[in-house]
Amino acid sequence: MFLVGALLRFGFVTAWLFHLVACMGSFIGFLLWNQSRQQWIGNKRNRQRNKPREPRLSKNVTYDSLLGSNKPFAKPVPLSEMVDFLGDVWEQEGLYD
């Protein structure tokens, strides 16, 4: 729609230049987004895919012993493991069906 309005108002060459500048802006935005994304996800070659790891939480850990204080964990707990733990606790307490 913008291209048609610009074409009628400014002529073909000017409208084409406006369109080209708009497309380049989108492309540059995509390149910057992709660069940020690559920095965030890291290099795929260095990652080990689906490598089974030892659970960080012991089997006899309780909600209070794990989350009863504001001390940081000694090692990071993977999100999937924490979700499984909380789901089990909430299910036992009748908070999650």
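For the stretch 55-97, the spread of Cα coordinates along the three principal axes comes to 31, 20, 16 Å, biggest extent given first.
Placing a pseudo-label 7 Å from each Cα along the Cα-to-Cβ vector at LEU79 and SER58 gives an inter-label distance of 2.8 nm.
Quick note: the coordinates plus some simple rules give every number you see, no bench work behind them. As the structure is a prediction and not an experimental result, all values here were calculated from the model. Neighbour counts run over all protein chains shown; Cβ positions are idealised from the backbone, glycine included.
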